[in-house]
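What follows draws every value from the coordinates through simple rules; no lab data is involved. All values derive from a computational prediction rather than experimental measurement. Here Cβ is always computed from backbone atoms with ideal geometry, including for glycine, and neighbour counts include all displayed protein chains.
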Amino acid sequence: EQTLNQLLVEMDGFESNEGVVIIAATNRPDVLDPAILRPGRFDRRVMIPRPDLLGREAILGVHTRKVPLGPQVDLEVLARATPGMAGADLENLVNEAALIAARVDKSQVEMDDFETAREKVLMGAERRSLVMSEKDLRNTAFHEAGHALVTAKLKGEKDPLHKVTIIPRGRALGMTMQLPTEDRYAMTQTYAENQIAILMGGRIAEDMIFGEVTTGAGNDIERATDLARKMVCEWGMSEAMGPLSYGQKNGEVFLGRDFNQSSDYSQNTADKIDAEVRRIVHEQHEIARNILDEHRTILDKMAEALLTYETIDKSDIDTLLGGGDIERAKPEKKLKTREQLEEERSKKQN
Ligand code: ZN
């Protein structure tokens, strides 16, 4: 504020014919003094959102200028795979990729270094040291296979599958990755509904196979509920509630982040909203369950493939969906179960 006040004082000294243009940037437009925004001072406002596909490609171009790149590195593909990343994220991605390449003494940064870096940035580093029990691994394999199979079989708009893994990353025990084909600025209702069904898939698979669910599905449930609530309260995607906005967002302290919501509706309306949210989630839950019931053999095969290969990619998934078997050399297991570790330890002692 002091800077701005000083600026205002200085600016008043300019004559209108001096041809001086002053540009300033802030991420707190909400706290600016109205005096600053008056005509003749800062009277044009340009919102700079996160970069789109072309923007990301250009930004990657800037940050890779001094990085020796392998011949197959395609910045457009990278830009495509990094929707929602801001300039600083992309810079970080390039740095990570360079570090990963340097660690194995490569003279050039290659595409798979970028791929590893992207996964690390998006989902945290792999935690191969995390020791899970055989049971946890099986649970995770079926959970992720559930997400993946629902993703593959759902009709209508969705992001295609990219890869599925049971190698723990960050706080997640496994991961089903979808790769958007384009930047998504608006979600259709079908897309939102499909997303909920996909989120439900993991939990349903666990329930089908083991007859009980684990806490691993907690985050999925939270995200699905959140999405359903937004469909009802913000996007007018519930016929029963109509195209109205429920719950006024006030105090937008930061751009694009909503703070506490105050309710502007009656308890009766609140009950109806809850019922609608429940209906949407339940409907998608049923759709996901039907898919998994119908394709149970593929679900089993996919989970087994995950336990064998730990990570399966799009072509593996296509093979399984086509009723085939993955035919590639079985990799050396990197994930060790608690049982295996104990066995190794007791062998050493003998
Ligand atoms: Zn999940």
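Here are the numbers:
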{"read-out": "Extension gain from Asp318 to Glu343, taking 0.36 nm per residue of separation minus the Cα-Cα distance", "value": "5.4 nm"}
{"read-out": "Relative contact order of the chain, pairs being alpha-carbon contacts under 8 Å that are 6 or more residues apart, as %", "value": "16"}
{"read-out": "Where chymotrypsin sites (Phe, Trp or Tyr not before Pro) in DSSP loops with at most 11 other Cβ within 10 Å are excluded, longest remaining stretch of the chain", "value": "1-184"}
{"read-out": "Trypsin sites (Lys or Arg not before Pro) restricted to DSSP loop in region 1-106 with at most 12 other C-beta within 10 Å", "value": "Arg44, Arg45, Arg65, Lys66"}
{"read-out": "Nearby lysines by direct alpha-carbon distance to Lys135 (threshold 22 angstrom, same-chain neighbours under 8 apart not counted)", "value": "Lys301, Lys330, Lys333, Lys334, Lys336"}
{"read-out": "For region 1-112: Kirkwood Rh in Å [reciprocal of mean 1/r, alpha carbons]", "value": "17.4"}
{"read-out": "Pairs of Cα atoms farther than 19 Å apart, region 139-252, %", "value": "52"}
{"read-out": "Difference of contour (0.36 nm per residue) and Cα-Cα distance, Glu239 to Arg278", "value": "12.6 nm"}
{"read-out": "In order through region 141-154: 3J(HN,Hα) via Karplus (6.51 cos²θ - 1.76 cosθ + 1.60), integer Hz, x for Gly, Pro", "value": "4, 5, 4, 5, 4, x, 4, 5, 5, 4, 4, 5, 8, 5"}
{"read-out": "At 1.567 mPa s and 4 °C, Stokes diffusion of region 40-177 via Kirkwood alpha-carbon radius, µm² per second", "value": "75"}
{"read-out": "Under 5 Å, built H, 5+ apart or other chain: amide partners of His162", "value": "Met177, Gln178, Leu179"}
{"read-out": "Qualifying lysines (Cα of each under 22 Å from Cα of Lys272; at least 8 residues distant if same chain)", "value": "Lys230, Lys249"}
{"read-out": "Estimated 222 nm signal from helices in the chain, with DSSP H stretches of n ≥ 4 weighted -39500 (n - 2.57), rounded to 500", "value": "-16500 deg cm²/dmol"}
{"read-out": "Cα-centre dipole for the chain with unit charges at Cβ (Lys and Arg positive, Asp and Glu negative), debye to 20", "value": "740"}
{"read-out": "Filtered trypsin sites (Lys or Arg not before Pro), region 297-350: DSSP coil and at most 13 other beta carbons within 10 Å", "value": "Arg328, Lys333, Lys334"}
{"read-out": "Label-zone membership for region 186-214, site Asp293, 7 angstrom Cα→C-beta point, backbone N under 13 Å", "value": "208"}
{"read-out": "Top positive-direction residue, dipole computed over the chain with Cβ charges, set Ala305, Ala145, Ile36", "value": "Ala305"}
{"read-out": "Computed Rg/Rh of the chain, alpha carbon atoms with Kirkwood Rh", "value": "1.05"}
{"read-out": "Set of aspartates and glutamates with alpha-carbon distance to Lys66 below 20 Å, sequence-local pairs under 8 removed", "value": "Glu57, Asp74, Glu76, Asp89, Glu91, Glu96, Asp105, Glu110, Asp112, Asp113, Glu115"}
{"read-out": "Rg/Rg_globular for region 56-106, with Rg_globular taken as 2.2 N^0.38 Å and Rg from C-alpha atoms", "value": "1.08"}
{"read-out": "Farthest positive-ward along region 108-243 dipole, Cα basis, beta-carbon charges - from Gln178, Met123, Gly156", "value": "Met123"}
